[in-house]
1. For Arg301, which of the numbered conditions (1) part of a helix (DSSP H, G or I); (2) farther than 27 Å from His81 by Cβ fails to hold?
2. Going by the structure shown, is Asp172 more than 14 Å from the chain's Cα centre (by Cα) and closer than 25 Å to Val48 by Cβ?
3. Does the range 126-183 hold any residues that are touching a strand residue (DSSP E or B) at 6+ places or on another chain (Cβ under 9 Å) and among the aromatic types (Phe, Trp, Tyr), and which are they?
4. Is there a residue being polar (S, T, N, Q), within 27 Å of Arg244 (Cβ to Cβ) and buried (at least 24 other Cβ atoms within 10 Å of the Cβ) anywhere in the range 142-153?
5. Since Ser28 meets every condition but one in (1) over 20 Å from the mean Cα position of the chain (by Cα); (2) under 23 Å from Ile229 (Cα atoms); (3) polar (S, T, N, Q), which condition does it not meet?
6. Looking for whichever is within 26 Å of Arg183 (Cα to Cα), surrounded by fewer than 16 Cβ atoms within 10 Å (Cβ to Cβ) and out of contact with any helix residue (DSSP H, G or I) (no Cβ under 9 Å at 6 or more places or on another chain) here; the options are Gly329, Gly262. Which one fits?
7. Hey, can you tell me all the residues within the range 231-265 that are more than 30 Å from Ser307 (Cβ to Cβ), touching a residue at least 60 places away in the same chain (Cβ under 8 Å) and among the basic types (Lys, Arg)?
Amino acid sequence: MSKAIVQVQLDHGRAYPIQFSGLQALPSLLDANGLRKGSCIIVTDTNVAALYLETLQDILHESGWRDLTAILLPPGESSKHPNLLQRIYDQALGAGIDRQTPVLALGGGVIGDLAGFAAATLLRGLPLVHLPTSLIAQVDSSIGGKTGINHALGKNLIGAFYQPKLVLTDLDLLQSLPELEWRSGLAEVVKHGLIADADFAEELSTNWDSILRRDPAIIRHMVIRAAEIKADVVSEDEREASRRAILNFGHTFAHAIERIAGYGEFTHGEAVALGMRAAARVSAMLNPDLPHEIINSLLQRLPVRNSIRHLDPKELLRVMYYDKKVQSGNLRLILLQEIGSAYITNKITEKQILSGWNCLIEP
């Protein structure tokens, strides 16, 4: 039986739970985590609101919560913009919040990033609760405290580390996820296996057909194990000073794709799937014993709708230098030593990086 709670343990005795339960458990969990009953801010997007906002509001009202302010934003990566952050500020401050007013982030990674950054900065910090509704959010973005918005020069360049009080993960919400978002989210799941757990990566390959069908038993184990991997890495390195950077395997390539192709041309998961293929190619160049064919065969199961063959590899390389992991002008990549073991290096050449891009562009 899969566990129902995964703990994120941080330094100075700080910790918070990732609770795998239905939304109905939220009021009792808020109480158990020291959040007073009263007013709250719910940040969501219009797609998620149509499915779950009324249910969430009813659950909170029935348990005595009042003055629920719902802030609805447009769906999609383009919402991670200063104008939408300002909208959250305006509506939250207009609702008369105080420092005990919790911010509930109901949605996927975009909502979690936006609501989290708003919570980190409103009144210098409001309690944050993640209610992740997408696969990417449940296994990755809701865990670990990264929040932020995009800048014209790159993705997630403005933000803060701000840990939630609680993550409530309702696995039943995944059944209504559109197919594109479901398959996109699998990129982060596969990433966790490749960087930290070879047995898990093999399980994913073995159970792939059941995963695509969203078999509830398989999905429960998959999501909880992926979340557990993320929690373990975050617990060891909260602010990405060292090991936590391995969670960015494929992401330096992915962020360049998203910026050059335009946000929305690819989902984040699609860009990560492509980015991991490029990073795996570079990994194999530096680590000849790496079973590249096995890795690539798993990565190619992640569907991507569009090609990047029309993009210029040299332009993609140029944009990579705006990545947050660049130090003293040197690119750092997360590469695979073997399946289940990743490492950080700046001992790479532009020629090797271009080979990674070319494996995605050459026919």
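1. (1) is the only condition that Arg301 fails.
2. Numbers: more than 14 Å from the chain's Cα centre (by Cα): yes; closer than 25 Å to Val48 by Cβ: yes.
Considered against the rule, which asks whether it is more than 14 Å from the chain's Cα centre (by Cα) and closer than 25 Å to Val48 by Cβ, Asp172 comes out as yes.
3. Phe161, Tyr162
4. Going residue by residue through the range 142-153, those that are polar (S, T, N, Q) are 142, 147, 150.
Filter once more, keeping what is within 27 Å of Arg244 (Cβ to Cβ): 142, 147, 150.
From what's left, buried (at least 24 other Cβ atoms within 10 Å of the Cβ): 142, 147.
Yes, the conditions are met somewhere in the range 142-153.
5. Unmet condition: (2).
6. On the way: Gly329 fails: within 26 Å of Arg183 (Cα to Cα).
Result of the check over Gly329, Gly262: Gly262.
7. Arg239, Arg244
A quick yes/no check of all residues on (1) touching an Asp or Glu at 6+ places or on another chain (Cβ under 8 Å); (2) at negative phi; (3) of a type in the set (Phe, Trp, Tyr):
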{"position": "Gly107", "(1), (2), (3)": "yes, no, no"}
{"position": "Pro132", "(1), (2), (3)": "no, yes, no"}
{"position": "Ile143", "(1), (2), (3)": "no, yes, no"}
{"position": "Ile149", "(1), (2), (3)": "yes, yes, no"}
{"position": "Ala152", "(1), (2), (3)": "no, yes, no"}
{"position": "Ala196", "(1), (2), (3)": "yes, yes, no"}
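The values are calculated or read from the model by the stated rules, or taken from the named source; none is laboratory data. Model, not experiment: these values are computed from the prediction. Here Cβ is always computed from backbone atoms with ideal geometry, including for glycine, and neighbour counts include all displayed protein chains.
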